Structure formats: C-alpha cells, structure tokens
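Undergrad: Let me give you the structure first, and then I'll get to my questions.
All of the numbers you see were taken from the coordinates with simple rules; none came from a lab. As the structure is a prediction and not an experimental result, all values here were calculated from the model. All Cβ positions, even for glycine, are placed from backbone atoms using ideal geometry, and neighbour counts span all protein chains on display.
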2 protein chains.
Amino acid sequence: MELGKTSYVILGMLRLGRSTGYEIKALVDVSTRFFWAASYGQIYPELKRLEDAGLIAGEDKAQGGRRRRAFTLTPLGEEALETWVASGGPLHTELRHEGMLRFFFADAASPEEQIGLLQTMRAEHERTRDEISAIRPGAEAARDEKGEQFPLMTAEFGIAYHDFIASWCSETERRLVNEAKRS
Amino acid sequence: MELGKTSYVILGMLRLGRSTGYEIKALVDVSTRFFWAASYGQIYPELKRLEDAGLIAGEDKAQGGRRRRAFTLTPLGEEALETWVASGGPLHTELRHEGMLRFFFADAASPEEQIGLLQTMRAEHERTRDEISAIRPGAEAARDEKGEQFPLMTAEFGIAYHDFIASWCSETERRLVNEAKRS
DNA sequence: GCTCACATGTAATCCGTTACATGATTCT
DNA sequence: AGAATCATGTAACGGATTACATGTGAGC
C-alpha cells in the first residue's frame, strides 16, 4: 500500500495519543494545519485504508448511543512512521500565496493600492502568528507533561515564520511610502 | 465567467509582455513558481477560456511550419487584472511543508535523525534561495529597462524568506546538538 | 545528424475541500 | 430548551500535476 503524507499525519497523531478521527482532526487544526492541513474527507477514508493495511488497529468504543471508533498504532504502523520521519528523502514543499502573487503584479496598481496590499498581507500574517501564539501554551504543556518537544518547537517556528513575513511587509511598506513621498 | 488565481497569472504575464502559452510558462518558472506554480495543463485550456470571455485576444502567428498563437490583453482583461490586484479581499495562503511535518513528529526519531532532518531542510531552503538569487539579475534588468519594480522586490522577498528558514534550521540544529551533548 | 529550445495541446489521475447527512451527549 | 461539542461518514466538485502525443527550427 502506498502511503501519502496524510497517512503519516494520522499515524503521527495516533502516536501522540489521539484515537478517533475526530480527535485527530482537532489536533491537526491546532498544530500541523499551518503547514499541513487535513480534512474529514481525507481522514476517515484513510483510517479505513490504514486499518486494512494493518498499520493501525480499530476498536468500537461506543458510549451509550454515540458511535466511537478508537484506533491505535500497530508495531507495523509505528515502524512506518519512524522510517518516514528519519528517511533522508527529498522534502516536498509547496507554497500558494495569493498576496505575493498580487504583489508580483503590483506594477499595475497605484501606490496607495500597493501599500494597501502590503497592509492586508501584514495583517493576515500577524493574525496567523497570534493564532499560533494562542496555541503555544498547549504545546508547552505537552512538552512538560509528556516530553513532546517537537510540537512546541514547531509552534515556535510558526510564530517566528509569520512574524518574519509580517515584518517584511512593514519594512517594504515603509520603503514604498518613502518613495511615494519623494516623487 | 469565474476567474481563478491561475487566470490572473496569465493576465499578469501578458501584461508583462509575454504572448504565448510557452512564454507564460517560462516566466512562471523563473518567478511566481516559488509561491504560485502553474503547468501547461492549466495554462493552455485557460488561455482558451479567457479568449472566449473576451479578456484576451489571440492571433495566429505561425512562423513557417511552427505553430504559434500570440495573445494580448484586451481592455476588459486589463481591467480585470487591475481590479484583482487592488481588491482588498482576503488573501488565500496555503503551505505544504513536508519537512516541518516530519519535524513535528520528530519525537519519534533519534537525536541523530532529528539533526539529519534539519540539515536536509536547511539544504533544500538554501538551494531554493540560491535558485532565486540566480534569477534575481533578470528581475533587476526588467526594473532598470522596463520599470517593473515588483518582480524584483518579490525575488528579494523569496531570497530573504528561504534564507530565514535555512537560518532557523541552523539555529535549531545547534540547539539540538548542544542538548545531545549535555545528556 | 543530433540535440535543444520553441510550441501546443489532451487525458488520466491525484489530492484535497466543501457541503451534506445524521445523530448523541453535555453544558448553560 | 437550545447550543455547543462529540462523532462518523459520503458525494460532488475543483484545482492541479503528470504523462503523453506531436512537430518545427536553430545551432553544433
């Protein structure tokens, strides 16, 4: 069976103690979402595939009338995850950034519009930075209580990353304003 | 007609003086590719759609037996581009970064593997930074000769962006090495 | 004669999102 | 009583990549 990146998201979240599709999705939404998103439409079918392949084991844990299927990693699944994390292979990276795309074509806009675009971009990255900042304490707690260091480091990267872009926007905005004044 | 982001890529590249699908793709590959990629499979069908919608005008310019269809922006297309660049709407941003995804789960790896991952990540971002650096002179020439300022600024952002991530990798690598020594 | 750049296109496929459908439990 | 949260899933759709198919012209 072919494992996509989403398969490893699921494997990894199970390793971090999550059990249901719902819990996996909830953790994705406050962690990997910022560099690797996943939706129910991927998670639930993928859980089935991984179970069929023997990488995870599912167990029905209905409570009263509420359905609940809890999964755990099998030794096979654990091995697959560890192999992938450590494999030196090329790291697929992809960015789609509409702000930069507009900026690239911004010679077609007026100075005011150019500056407005930078302000919008900055605001969005600041918002995302703050969103991750709000999540950070949870990751810190996980480190202190469970020794999970990397989720916290990843959150800190995210904060620095969005802050970097926001700062670049500020700086560039300043440059454009100065140029506009001079003319 | 609904315009997707790719439509604007095409409109914008025509505005920058490109005429054929081939030329558009060539410019994309040395400019927006780093934050907004596009393939022939999108470009050629989209050129047709945009022509049908009256946003661009196509003209057959076969040279000898070699087919060539040259497009130019119509006033309608120019307006659509300018409106989009300046419209204040939300800027869709999406990142898929396998390196960070692996890093997030790197508690499952040994210290040596963790450090190896960071080195791989750093190498890839340095490579991309250098790729953009190699492209930069072309963007600079376009600014000096045609007054196109924003492609150059975008390239400079790209260099700073990948350099930032590469530096973060270096720093984090250093931290992990120190921790490994202390234990 | 060969290779590379120029040039256009389509079909299959993949990956992922969105919207929908359904229902139980817990909290206010 | 009503809202929010827990919980599972599918179907339609959209966006984009990959591989394939085809051929010319220019330079070595």
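Undergrad: Could you check how many residues of the stretch A:89-113 are in a loop (DSSP other than H, G, I, E, B) and either more than 27 Å from B:Glu145 (Cα to Cα) or facing another protein chain (nearest Cβ under 7 Å) (or both)?
TA: 6
Undergrad: Follow-up question, since we're still on this one. Going through B:Gly138, B:Gly58, B:Gly99, B:Gly65 one at a time, which residue ends up being within 16 Å of DNA strand C (Cβ to nearest atom) and closer than 30 Å to B:Arg175 by Cα?
TA: Among B:Gly138, B:Gly58, B:Gly99, B:Gly65, only B:Gly99 is within 16 Å of DNA strand C (Cβ to nearest atom) and closer than 30 Å to B:Arg175 by Cα.
Undergrad: Taking the residues in the stretch A:154-165 that are of a type outside the set (D, E, K, R) and surrounded by fewer than 20 Cβ atoms within 10 Å (Cβ to Cβ) as candidates, determine which candidate is farthest from the chain's Cα centre (by Cα).
TA: Restricting to residues being of a type outside the set (D, E, K, R) and surrounded by fewer than 20 Cβ atoms within 10 Å (Cβ to Cβ), the top hit is A:Phe164.
Undergrad: Just the residues that are more than 11 Å from DNA strand C (Cβ to nearest atom) and in contact with a helix residue (DSSP H, G or I) (Cβ under 9 Å, 6 or more places away or on another chain), please, taken from the stretch A:33-48.
TA: If the condition is that a residue be more than 11 Å from DNA strand C (Cβ to nearest atom) and in contact with a helix residue (DSSP H, G or I) (Cβ under 9 Å, 6 or more places away or on another chain), then A:Phe34, A:Phe35, A:Leu47 are the ones that fit.
Undergrad: Looking at A:Gly41, A:Gly65, A:Gly54, can you tell me which residue is small (Gly, Ala, Ser) and within 21 Å of the chain's Cα centre (by Cα)?
TA: A:Gly41
Undergrad: For the stretch B:141-183: of the residues being touching a residue at least 60 places away in the same chain (Cβ under 8 Å) and within 7 Å of chain A (Cβ to nearest Cβ), which is nearest to A:Leu91 (Cα to Cα)?
TA: Of everything passing the filter in the stretch B:141-183, B:Thr154 is nearest to A:Leu91 (Cα to Cα).
Undergrad: Follow-up question, since we're still on this one. Can you pull out every residue in the stretch A:7-32 that is within 12 Å of DNA strand C (Cβ to nearest atom), more than 10 Å from every other protein chain (Cβ to nearest Cβ) and among the hydroxyl-bearing types (Ser, Thr, Tyr)?
TA: Scanning the stretch A:7-32 gives A:Ser7, A:Thr20, A:Tyr22.
Undergrad: Quick one: what pairs do we get from the stretch B:26-54, first residue charged (D, E, K, R), second more than 10 Å from DNA strand C (Cβ to nearest atom) and part of a helix (DSSP H, G or I), C-beta under 9 Å, 6+ apart or different chains?
TA: Close Cβ pairs (under 9 Å, with a partner that is more than 10 Å from DNA strand C (Cβ to nearest atom) and part of a helix (DSSP H, G or I)) amount to B:Glu46/B:Thr6; B:Glu46/B:Ser7; B:Glu46/B:Val9; B:Glu46/B:Ile10; B:Arg49/B:Ser7.
Undergrad: Evaluate the following for A:Glu51: is it away from chain B (no Cβ under 11 Å), away from DNA strand C (no atom under 14 Å from the Cβ) and of a type in the set (Asp, Glu)?
TA: yes
Undergrad: What do you reckon, is A:Leu117 more than 8 Å from chain B (Cβ to nearest Cβ) and within 25 Å of the chain's Cα centre (by Cα)?
TA: no
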